[in-house]
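Structure record follows, encoded as structure tokens.
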Amino acid sequence: MNRRMGCVAAGLLAVVALPTHAVGAKGAGGPLVDGHWAGTMAVGATIDFSQGGTGLIAVGSGNGTFNLALAGGTGSGDYVLGATSDATLEGDASTGDVQAVGAISGTLEGTSTGPILQPAQGQFDITGSVTVSGYTAPIEESLSFGPEDLTSSVLVITSSSCTLASGTWAQEFKDAAQAAGVSVSRFQGSWSASYTGADTGATDEALADLDARGEKIISGWLADGTFDADALAQVLVDAEHYAVSGPRNDACSSVRRGDWASPLAGTVQRLLGALANSTSTTAEDLRAGVSAGLRTGVLPSIDDPIEGQLQGKAQSLLDAAIASGSTTDIQLIAISADSLGWSDISDAAATALAGL
């Protein structure tokens, strides 16, 4: 019994303790300007710890906030990440379902090109039950973690301007988990932040609203496959209006007034990863996602593998659409392909339409 419980606990902790070690990583954006930045971050993963005839699947997600002060390119600040995880055990003589709810908090260090999340403490409440050979044992306990139990992660900057920045984080965890022989079927981590001035200030309410609405859409998709394309389109319109009419501050010089990075870039990047790797994705979902990627600057992506993953998804959707004779789906896929210059898919779609 203890061994089975240990397996479940290991699966839970691997998902909820997502921060992992990576020092010096940099994205295409940055460096961030000196001053104060306030932001949000989110992460989600599905991890398969199954071995032999026993299946153990853990699904976790987290949302948090951070404050970062930069002076002379050196960072300081703090963050908190709330996280939940559910692990399901299925075997010949064993079943179980265990939930974990808690939070990780710590400090922000590093530089303007790679701020580092340095966790200081974590606390999680574990509840559920495990049944082995007909015997059921409840699980209810609290677990605490210190800095020696948690490792660091970098905020990788993929897009930045004088007022806004966004990117990915905790991506190294996926590689580490897979190197350990664990299957990671879904993993996304993103963040976005707004510049609040040379003096500490509150996050701009308009940006906070955009972030919250964007995260609600991606959370709905990750939770049950429901993708509200109309709501996403409206959020993107509002973000673009903010780019045109939003307030400027002392981080922006007269030369850089036109610079702008969408605060939704991180959220859209995470959404595209989910669309590319989900069996629930439709041709209409793909078209809406590609449009969002183009409007936020996430697409085209030269160094990031996300475009290649989307292209693979487009090809599989096209094959299915041709097999079923769906003219609408073929046309939607053709639009996505034309938008990103996927000539092979575009030509195949045109040929298929001509033959219907």
**Asked** For the subset of region 230-247 comprising residues that are modelled with pLDDT of 85 or more and small (Gly, Ala, Ser), which member is nearest to residue 165 (Cα to Cα)?
**Response** 233
**Item:** Residue list for region 282-312, restricted to those being over 17 Å from the mean Cα position of the chain (by Cα) and open to solvent by 30 Å² or more (accessible area, probe 1.4 Å)
**Value:** 282, 284, 287, 291, 294, 295, 300, 302, 303, 308, 311, 312
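Among the residues of region 205-214, is any among the acidic types (Asp, Glu), modelled with pLDDT of 85 or more and open to solvent by 30 Å² or more (accessible area, probe 1.4 Å)? Quick ask: steps written out before the conclusion?
Residues of region 205-214 that are among the acidic types (Asp, Glu), as a first pass: 205, 209, 211.
Applying the additional criterion that residues be modelled with pLDDT of 85 or more yields none.
Looking through region 205-214, none of the residues is among the acidic types (Asp, Glu), modelled with pLDDT of 85 or more and open to solvent by 30 Å² or more (accessible area, probe 1.4 Å).
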**Asked** Is it true that some residue in region 52-68 is in contact with an Asp or Glu (Cβ under 7 Å, 6 or more places away or on another chain), among the β-branched types (Val, Ile, Thr), open to solvent by 10 Å² or more (accessible area, probe 1.4 Å) and modelled with pLDDT under 50?
**Response** no
**Prompt:** Quick one: which strands (runs of 3 or more DSSP E) sit completely within region 78-193 and have at least 3 residues that are in contact (Cβ under 8 Å) with a residue 40 or more places away in the chain and open to solvent by less than 10 Å² (accessible area, probe 1.4 Å)?
**Reply:** 94-111, 114-132, 153-160, 164-169
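The values are calculated or read from the model by the stated rules, or taken from the named source; none is laboratory data. In this text, all values refer to a predicted model and were calculated from it rather than measured experimentally. Cβ coordinates were reconstructed from backbone atoms using ideal geometry, including for glycine residues, and neighbour counts include every protein chain displayed. Only protein heavy atoms, including side chains, enter the accessible area calculation; ligands, DNA and RNA are left aside. Shrake-Rupley method; radii C 1.70, N 1.55, O 1.52, S 1.80 Å.
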